[in-house]
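The values are calculated or read from the model by the stated rules, or taken from the named source; none is laboratory data. These numbers were taken from a predicted model, which means no experiment stands behind them. Cβ sites come from the backbone with ideal geometry, for glycine too, and all protein chains shown count toward neighbours.
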């Protein structure tokens, strides 16, 4: 199980290692290009939360095991992150990778 710590919060968002591997690639690539974007995640209580990913906001990724990278998934996630709506992991197109991550925990920024 991977963890994404956003901002100065003590409560990380827990994600499946496969999802975290791909999400980390997308976030690091976007931030390296100085491109911020909204990221929407389905939280454990059925509520979707959107966070603003920006280089000025601290992020920390931790994973128990890095997964193999699916290039087509990274391309789809990058395209979504570059769209007006941002990377919305609640959309059906990402269901196959997100299904293993349904035990997300909410946090505050």
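With the range 1-102 as the region, which helices (runs of 4 or more DSSP H) entirely inside it contain at least 2 residues that are in contact with a strand residue (DSSP E or B) (Cβ under 6 Å, 6 or more places away or on another chain)?
17-32, 71-81
Of all residues in the range 1-15, which are surrounded by fewer than 21 Cβ atoms within 10 Å (Cβ to Cβ) and closer than 17 Å to residue 88 by Cβ?
6
Please state which one of 43, 20 is modelled with pLDDT under 95 and within 16 Å of residue 97 (Cβ to Cβ).
Every option except 20 fails the conditions.
Could you go through the range 62-73 and let me know if any residue there is crowded, with 17+ Cβ neighbours inside 10 Å and at pLDDT below 95.
yes
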